[in-house]
Each structure stands twice: as structure tokens, then as C-alpha cells.
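> Pasting a structure here, questions to come.
Rule-based calculations on the coordinates, nothing more; no lab input. These numbers were taken from a predicted model, which means no experiment stands behind them. Neighbour counts are summed over all protein chains in view; Cβ atoms, including those assigned to glycine, are modelled from backbone coordinates with ideal geometry.
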Amino acid sequence: MIIEVLKSKIHRVKVTQAELNYVGSITIDEDLLDAANIIPNEKLQIVNNNNGERFETYAIKGERGTGIVCLNGATARKVQVGDILIIMSYAAMPVEQAKQYKPILVFPDDNNRLLK
């Protein structure tokens, strides 16, 4: 049996931009993507802590070191600049492998930068 488990999570990032007139997705600082082992175009689940919205989109690489977290297209309607998000990706694997798997958890600072 194959199940889906949490692969990685970026916990509590702040929305820096929302661009309605863009072809969907979420733009994320490349430093955060690398730290969470998320690749461009990977499917993501987003949870907005401010309003309870949950939605899926895909990752776009943002400029490294900028702290950018920008919701693009229709998802821009689900956030406000300054909202706090949890970004999650999942992986499918056999149950026995899933029991041993440890997800990557990233906890950025208040400016969406990696803690040193």
C-alpha cells in the first residue's frame, strides 16, 4: 500500500505580495524552497492562519534572499499581505517507508528569512 505523508513544511511565513493578474501559483524565496526541499512546479497545500483558507497551488522560484511569498492568480483572493501561511508538500511512499520518514520542517523568522 502507498500512502501520502508530509514531505516538508514551511511554517508561518508572511505574505509579502498578492498578484491577481498573474497565471496562478505561489512565488517563494529560493532560500526557503531549498531549505524545505521543494522544487519549482511542485504541488503545494497552503493554509492561511488568518482566515482559515486551505488551497492547493504550485511553487514558483522567487528571488533568493528577498523573503518573497507572493500568491498569484485566483489564490491572491484568498490572502491579504501580512497574512501568516503554512506551506506543505507531500510524498507518496510505502507504509513501512512512511513510518521511518522524517519531514523537513522550516521555521523562518518574521521577515521570511532562514534562522541562522
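> Any idea which of 56, 96 is part of a strand (DSSP E or B), surrounded by fewer than 16 Cβ atoms within 10 Å (Cβ to Cβ) and among the acidic types (Asp, Glu)?
After ruling out the rest, the residue left standing is 56.
> Considering only the range 1-46, state which residues are of a type in the set (A, V, I, L, M) and free of Cβ contacts under 8 Å to residues at least 24 places away in the same chain.
39 - this is the single residue of the range 1-46 that is of a type in the set (A, V, I, L, M) and free of Cβ contacts under 8 Å to residues at least 24 places away in the same chain.
> Restricting to the range 59-84, give me the number of residues that are in a helix (DSSP H, G or I) and acidic (Asp, Glu).
0
> Right, next: Taking into account only those residues within the range 1-31 that are in a strand (DSSP E or B) and in contact with a Leu (Cβ under 6 Å, 6 or more places away or on another chain), which is nearest to residue 81 (Cα to Cα)?
Across the range 1-31, the extreme among qualifying residues is 18.
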